[in-house]
Structures are given as structure tokens and as C-alpha cells.
Amino acid sequence: MLNVSDLDVWFGDPPDRVDAVRGAAFSVAQGESFGLVGESGSGKSTILRAIAGLIDSWSGQIEVDGRQIEGARRDRGFYKTVQMVFQDPYASLHPRHSVDAVLSEALRLQGMGDIDRRITRLLEDVGLGKGFRFRYPHQLSGGQRQRVAIARALAAEPRLLLLDEPTSALDVSVQAEILNLLKELREEHGLTYVMVSHDLAVVGHICDRLAVMQQGEIVEIMSVDALRRGAGEQDYTRHLIAASQ
Amino acid sequence: MSTPLLSVKNLCVTFASRRGDFQAVRGVSFELGRERLGVVGESGSGKSMTGRAILGLVRPPGRVTADRMELEGQSILNLPERRMRKLRGSRISMVMQDPKFSLNPVMTVGDQIMESYRLHAGGGRAAARKKALEMLNAVRIRDPERVMDTYPHEVSGGMGQRIMIAMMLAPDPQILIADEPTSALDVSVRGEVLNIMDGLVRDRGMGLIFISHDLNLVARFCDRVLIMYAGRVVESLPARDLHNARHPYTQGLLRSQPRLDTPVERLPVLQREESWRSGELDPLPET
């Protein structure tokens, strides 16, 4: 589903160039859930943003669903396959657009018909009733907002979801609801996930495999079973695991 | 036990709204000694508001009432601003969540620490500089001479948080209120910041109120924990017993966290009960 190799991402020009990601390589199979973990500044979100087309200063290969991607330009077909959910549902929803406006815009952009029925369906999928359709973001709790953001991503009927710390702005009880929802959606829709998180327990709950990043490089790719056993090959991985127990 | 550092009884914070009064904090009571007291709860539980009320930082239209709010036996409830400013910083200090928003962006780190010290302790620039360097050393900042001359945007998040702590500690407060001091930090840096605060409680006999949403962190780090829900303390217990908590809310919170060592297919979701808002668990044993 997703193949990344020799990925370098940088910001700025020499002499102030910062190499945010260096030589990253990983692949994610159809239907798999893959985690990217690391501390802030390790480059995990940067990889996600490069895939999504939010950064154009990168080199290497990114292949989504068998198709090579270049620069920051993405065609409509790409966004039918790949969608992203951001960390902060307070920032990622327009404060003056109702849920209805957010979802119908996303549907219209994807050239979908039958918008009325699809919105009802999307709201049901993410566990919000029809009653939420005409609400504004300020009338929603953090968890409800994140559900709307997930519904917006699902509007395109994508196959690959890029999740950037989808629960780190939420309380633990709400986090549990959203994590359960993400698990259900993956089973129901056969989705592939790439999830960035600094929380190893969250990654352990959602993902099958993960890459550990440190200072822009992937230092280790491991299975979640190995993560649970604390069996990192690198000192850094073991250090991260120990610090999060 | 001698007079506690801080004694709070029946603290309420009320905001008048169009639909009547809203109580953000509803009858919170506790005593703080020279210990690490954790205050845990979800957003909106009133934990931060409790901290702000103690410091007199609740702005109108918010109203603070209490049967008692005493700092070493002296009432600090609704003191006039002029007198409160004398206490704030010098005797009770607060570390906020995000150093990015709490440090002055156009003033060097050194000047900010020196200002906070001179405001409370007086003294000349030379003495303040010496103290500031000493504080930066205390929070284990390498090369403090260099850091003194940097601006907040030039330091990392973890360093910013340590600078905040250094600044709050310069006037030697008796009580430090730390509101989510490590939430914005990475796990490895978090450990360092906690160690620093731990050392301060031990070495200086400071009282620490540690406000956090992270139950596991509080269980490991604090001596005693208050669990807040909807503006009330629903349970109070020694931190080491947190995993045997009796209140269904506390139990629910603990269960809803994913754990690396015990994988589950679905996470148990918290079912909130109306009775948690008002019902007493049962009379809380004094700890």
C-alpha cells in the first residue's frame, strides 16, 4: 500500500538547512497498521506530512498504492486513496463551519453525489447521531470534534489513513473511545493506517508494527509483540520503552 | 502534625453565566504539608482552577469563596491584589504547562530570572545574577552562563520548562503549584524535570501541588493524590494505593488507558454516573 525509501526531508537552504528526516525507509502492507514513534523533533510527523503533500522539500521515493509521488502536488486520485487526521481537533476544524458544511464540502470535493445520505452515514460511522449535523465546533467536546475530523477523512472513502497523534489532545477516557473507534473503522472498511504517536501504549494498542525514530532517522523497525516484550535491539528503543512504563 | 503549609476548606469557584451560576470548583478541602500532592482529573474537572484560586488568579466575574484558605495559619482568601502580589512568587509559586506561552519572548532568560528574584528579594544586579546562575545550575542546565543570554525561542521545550522552574524557585517559595508541568515534554526530559522537583521537595522542604491528567505519572511521582471530578474531590488516597482506588470514576480512568503489558481488544470506556457529581464515596479517612 505504501512504500517509502531513501526519504530525506529538509527545511530551509544552506547554511541554515535542517535535515529533518534522513534516509527513512519502510513499507506498509494493505490492511496493516503501522506506527511511527519517537520524541519531538525526531521527524515522525514530518514523514507523514511529506507523504500527504504538505511539504515539498524532500527527495527519495514515496509510492502509494503502486504509484510514485513527486513534490507536493497531488492529484484528486491521491486524496481519494489517502486522507489525514490531525492532532488538534480544536485547530483542524473551521470554527464557523457547521459539521454539515465541513462534511458536505469534503464530499463535494471528492465528486460524491447523494450528499444528504452520505453525511448521515458518516456521522453514524463515527458514532455521532444525526443530531450533531448542524452543530458548530464550539458546541462539541474535544472527542466529538475528533470524531468529526475522522468523518471528514472518511468522506473520500480512502484506503490509507495518516493519523498524526490523533488522541494526544484528548482526556484518557475520551482517548479510549477514539482508539476503539479507529480499530472498528479499520476492520469495517479494511483501512490501512500510518499513525504517529509519542505514546508507545497507544501505538501498541492500534498498530501491528512500528518504526522508532531518533533525530531524523529510523533506528529500528519492530513488531508490537517485540515492543510488549521490551525487546528493542537498540539502546534507544529500550530506553524509550523503559521511560514509558 | 504542626500547622500545615496550606489548609483549604470548602473552596468554591463560581462563574455567573446567563443560565445562572456555574461552579467550576465545588467544595474542595485539603491540607498540604511538605509533600508532593497530586491533583488528578480530566479537562473541566476544576483541577487547574483550584490551583489558580489558591494563587488568587481567578479573574472576575469568577468568585472564590471558602470556609478557610490559610498559608501557615494566615488567611490568604481574597486578599487585596497588592498583598497577594507579595505572596505570589515569594511564598507560593506556579509553573504552567507550556513554557512557550509563559516566558517573555523579548527578554533574555537571565533577565527574567533576575527580575523575578529582585522583585521579591530585592538586592543588586550582581547578587541577582549570582542567584540566577545558581538556580540554572539547580535545574541542571549545562553552561548556564550561555543560557542566561539566550531568548526563550532559542531553547528547547524541556529547557524552557526548567528555566520556568528556575525562575519560580529563585525567591525560595514554600509552595510550588505545578500545572501540567511535564505534559508538553518528551518522556526522557520529563524524567529530568520530575527529578528536579523531587529534589526540591526533599532538600528545601517545599510543598508541591502537582496538577496532572496523567494518573500513572502521579501514582509514581506523588505521595498523595486527590482525584477530582466535576469540581469536587471524589477520592483522596496515598499515591501508592492508586491502583486499588475505590471510586468507580478513578477505576474507570485507570482501566481506559492502553497498557503495553496487558493488551486488550477494546478499551473499556468510562460510563459516567450522575451520582459522581454529588454523591460522597463515604467519609474519607484522614491521611
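Would you please name the residue that is nearest to the other protein chains (Cβ to nearest Cβ), looking only at residues in region A:212-245 that are at negative phi, assigned to a loop (DSSP other than H, G, I, E, B) and among the small types (Gly, Ala, Ser)? Selected residue: A:Ser244. Residues in region B:1-31 that are open to solvent by 70 Å² or more (accessible area, probe 1.4 Å) and in a strand (DSSP E or B): B:Lys9, B:Asp21, B:Phe22, B:Gln23, B:Glu31.
Filter region B:250-273 down to residues that are under 22 Å from B:Arg36 (Cβ atoms) and not hydrophobic (A, V, I, L, M, F, W, C) and give me whichever is farthest from the other protein chains (Cβ to nearest Cβ). For region B:250-273, the residue satisfying everything is B:Thr250. Listed by first and then second residue, the pairs linking a residue in region A:169-184 that is closer than 17 Å to A:Asp88 by Cβ and more than 7 Å from chain B (Cβ to nearest Cβ) to a residue that is open to solvent by less than 10 Å² (accessible area, probe 1.4 Å) and among the hydroxyl-bearing types (Ser, Thr, Tyr), with Cβ atoms under 7 Å apart and 6 or more places separating them unless they lie on different chains, are A:Gln175/A:Thr167; A:Ile178/A:Thr167. Restricting the first member to region A:120-135 and to residues that are in contact (Cβ under 8 Å) with a residue 12 or more places away in the chain, and the second to residues that are of a type in the set (Ser, Thr, Tyr), the beta-carbon pairs closer than 6 Å and six or more apart or on different chains are A:Phe134/A:Ser98.
In region A:185-206, the qualifying residues are those that are more than 11 Å from chain B (Cβ to nearest Cβ) and open to solvent by less than 10 Å² (accessible area, probe 1.4 Å), and the one that is nearest to A:Asp125 (Cα to Cα) is A:Leu185. Close Cβ contacts (under 6 Å, 6 or more residues apart or on different chains) running from residues in region B:113-127 that are among the polar types (S, T, N, Q) to residues that are assigned to a helix (DSSP H, G or I) and open to solvent by less than 50 Å² (accessible area, probe 1.4 Å) comprise B:Ser116/B:Met167. Yes or no: region A:18-29 includes at least one residue that is surrounded by 20 or more Cβ atoms within 10 Å (Cβ to Cβ), within 15 Å of A:Leu160 (Cβ to Cβ) and among the polar types (S, T, N, Q). No, because not a single residue in region A:18-29 is surrounded by 20 or more Cβ atoms within 10 Å (Cβ to Cβ), within 15 Å of A:Leu160 (Cβ to Cβ) and among the polar types (S, T, N, Q).
Elements of the type helices (runs of 4 or more DSSP H) sitting completely within region A:46-116 and holding at least 2 residues that are of a type in the set (Phe, Trp, Tyr) and under 16 Å from the mean Cα position of the chain (by Cα): these cover A:76-81. For B:Val201, the requirement of being touching a Lys or Arg at 6+ places or on another chain (Cβ under 6 Å), aliphatic (A, V, I, L, M) and in a helix (DSSP H, G or I) is met.
Filtering region B:219-229 for residues that are away from every other protein chain (no Cβ under 14 Å), among the acidic types (Asp, Glu) and closer than 17 Å to B:Val139 by Cα leaves an empty set. Here the condition is being open to solvent by 70 Å² or more (accessible area, probe 1.4 Å) and closer than 30 Å to B:Pro171 by Cβ; of B:Arg255, B:Arg202, B:Arg259, B:Arg272, it holds for B:Arg202 alone. The residue that is surrounded by the fewest Cβ atoms within 10 Å (Cβ to Cβ), counting only those in region A:80-107 that are of a type in the set (D, E, K, R) and under 23 Å from A:Gly131 (Cβ atoms), is A:Arg96. Filtering B:Val155, B:Val147 for residues that are at pLDDT 80 or above and surrounded by fewer than 21 Cβ atoms within 10 Å (Cβ to Cβ) leaves a single hit, B:Val155. If you filter region B:15-45 down to residues that are touching a Lys or Arg at 6+ places or on another chain (Cβ under 9 Å) and within 14 Å of chain A (Cβ to nearest Cβ), you find that the one that is nearest to B:Met94 (Cα to Cα) is B:Val40.
The values are calculated or read from the model by the stated rules, or taken from the named source; none is laboratory data. Remember, predicted model here, so these are calculated numbers, not experimental data. FYI the Cβ positions are ideal-geometry reconstructions off the backbone, even for glycines, and counts take in every protein chain you see. Areas reflect the complete protein model, heavy atoms only, side chains present, ligands, DNA and RNA absent. Shrake-Rupley method; radii C 1.70, N 1.55, O 1.52, S 1.80 Å.
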